[in-house]
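A quick write-up on the structure given underneath.
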Amino acid sequence: MKKAAVNICRIVLALTFIFSGFVKAVDPLGTQYKIHDYLVAMGLGRMVPDFTTLSASVLLAATEFFLGICLLFAIRRRIVSKLVLAVMVFMTPLTLWLALADPITDCGCFGDAVVLTNWQTLWKNVLLLGAAIVVWKWPLEQPRLISRANQWIVMNYSLVFILLFIAAKSLYTLPQFDFRPYHIGADIREGWTKMMEGEDTPFTDLFIEQVSDGEDITEQILTDKGYNFLLVAPHLEQADDSRLDEINQMYEYSLDSGYPFYCVTASGEKAIENWRDRTGAEYPFCHTDDITLKTMIRSNPGLILLKDGKVIRKWSHNNLPTEEELTSRLEDNELGQLPDETVTTKILWVLTWFVLPLLILTIADRLWAWTTWVRRVKS
């Protein structure tokens, strides 16, 4: 009974930590925004630079994922059990404060994949704390899935995978799994229409106002049957300007093809003028809430393609379409269609490049251990 209890707790903790770390690594900027929310609630928002919060975001994701994998494979059982308990001892009082003070709406434990209330998060952590105590009390009751000699392969491969193939890739391009309302394929027009009819939707705070005359053109953009480009830059003061040629090339392409092109930002007119002077931007500017813009796309700036109010494509400033890809109109171009890649395809990619190699390693390791044992018995 003791062994069963320990291993049930181990599996629950392992899966929770792996999932929590993975969804944070998929969206490092989202985790960074949540860390900033915590700091603001504590009165420390202006004291910690963005680089520090982003580094903390990636480190937190990698640590949770790594500890979850170690728990799952029963690697370094004593020290990992102590580290997991330490994490839960820290997180449980923190979430108690969140539940009582309610300084932010949700803890961000699972990013945007699973949103919990602060009280739900507290009870979740209380259960995980209990499980962590059980695993810490009897760490050696966890059976190893892989021999000591090959544990380093699992640990190093897991760290490389979560840091390079998930976190770094998501930062350079865009999150590989998009759990937010403005994901590719989302029908913003339908959701926004329900908002206008009094229904509560994720698009409640969406508005797009022209800087030139203050006109609200949200409905005009969302009901347009054709294509619209939105260059999204929450704060132009912090926007990356290393891809100016590509951005201006996209604007010229939109002009030649007759597609509206807008830059939507939360920055004031002074920042907009500075951006124009620095980049030579000739496209029109619009105002939108900065939280909405950060939700739209995890890139500053990033480019969104809409058609009939639906999100067709999203690009980070690091991977904008090339000149070779813009040789025809969007109606006849692959870029103007929804991508073939689905959530199922992305899950299969993770299974193929992470789960399958570890599964093969584990089977080979166990077979080698078994054949070694048989040889010893026979001798």
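The values are calculated or read from the model by the stated rules, or taken from the named source; none is laboratory data. Quick caveat: nothing in here was measured; it's all calculated off a predicted structure. All Cβ positions, even for glycine, are placed from backbone atoms using ideal geometry, and neighbour counts span all protein chains on display. Quick note on the areas: whole protein, heavy atoms, side chains included, nothing else; ligands and nucleic acids left out. Shrake-Rupley method; radii C 1.70, N 1.55, O 1.52, S 1.80 Å.
Quick notes on this structure:
- Think of a 1.4 Å ball rolled over the protein heavy atoms: segment 61-105 then has 46 Å² of accessible area per residue.
- Using the alpha carbons alone, the radius of gyration of segment 213-285 stands to its Kirkwood radius in an Rg to Rh ratio of 0.96.
- Assuming charge only on the beta carbon of Lys and Arg (+1) and of Asp and Glu (-1), the dipole of the chain about its Cα centre is about 4160 debye to the nearest 20.
- Å³ per residue enclosed by the Cα convex hull of segment 75-129: 78 Å³
- For the chain, alpha-carbon Rg over 2.2 N^0.38 Å: 1.16
- For segment 1-59, the mean projected area of the C-alpha convex hull, equal to one quarter of the hull surface, is 5.0 nm².
- Fraction of accessible area attributable to carbon and sulfur, segment 323-378 (%, probe 1.4 Å): 66 percent
- By the compact-protein rule of thumb, 2.2 N^0.38 Å, the alpha-carbon radius of gyration of segment 271-379 corresponds to a ratio of 1.92.
- Kirkwood hydrodynamic radius (C-alpha pairs) into Stokes-Einstein, segment 309-365, 37 °C and 0.692 mPa s, D in µm²/s: 226 µm²/s
- Proportion of all alpha-carbon pairs of segment 127-286 beyond 27 Å (%): 50 percent
- Short-range pairs are left out: with C-alpha atoms under 8 Å and at least six residues apart, the relative contact order of the chain is 17 percent.
- Simple rule: put +1 on each Lys or Arg Cβ and -1 on each Asp or Glu Cβ in the chain, find the dipole, and look at Thr345, Leu96, Ile247; the Cα lying farthest toward the positive end is Leu96.
- Look at where the Cα atoms of segment 292-328 and of segment 210-288 average out, and the two centres are 12 Å apart.
- Dimensions of segment 192-336 from C-alpha coordinates, computed as largest minus smallest value along each principal axis and given longest first, are 44, 38, 27 Å.
- Rg and Dmax of segment 1-133, based on Cα coordinates, read 15.0, 51 Å.
- Computed [θ] at 222 nm, deg cm²/dmol, the chain (DSSP H ≥ 4; -39,500 (n - 2.57); rounded to nearest 500): -17000 deg cm²/dmol
- Among complete DSSP H helices in the chain, those whose alpha-carbon atoms stretch at least 27 Å along the helix's long axis and whose mean Kyte-Doolittle hydropathy reaches 0.5 are 2-26, 50-73, 77-101, 118-137, 356-378.
- Computed from label points 7 Å out along Cα-Cβ, the spacing between Ile8 and Trp368 is 3.5 nm.
- Kirkwood Rh and Cα Rg combined as Rg over Rh, evaluated for segment 242-324: 0.93
- Put simply, when 97-103, 26-32 are sorted by average Cβ atoms within 10 angstrom per residue, most first, you get 26-32, 97-103.
- Dividing the alpha-carbon radius of gyration of segment 174-260 by the rule-of-thumb value 2.2 N^0.38 Å gives 1.25.
- Taking 0.36 nm per residue of separation and subtracting the Cα-Cα distance, full extension of the segment from Ile347 to Arg276 would add 21.4 nm.
- Between the beta carbons of Ile153 and Phe90, assuming R0 = 41 Å, the FRET efficiency works out to 0.85 to the nearest 0.05.
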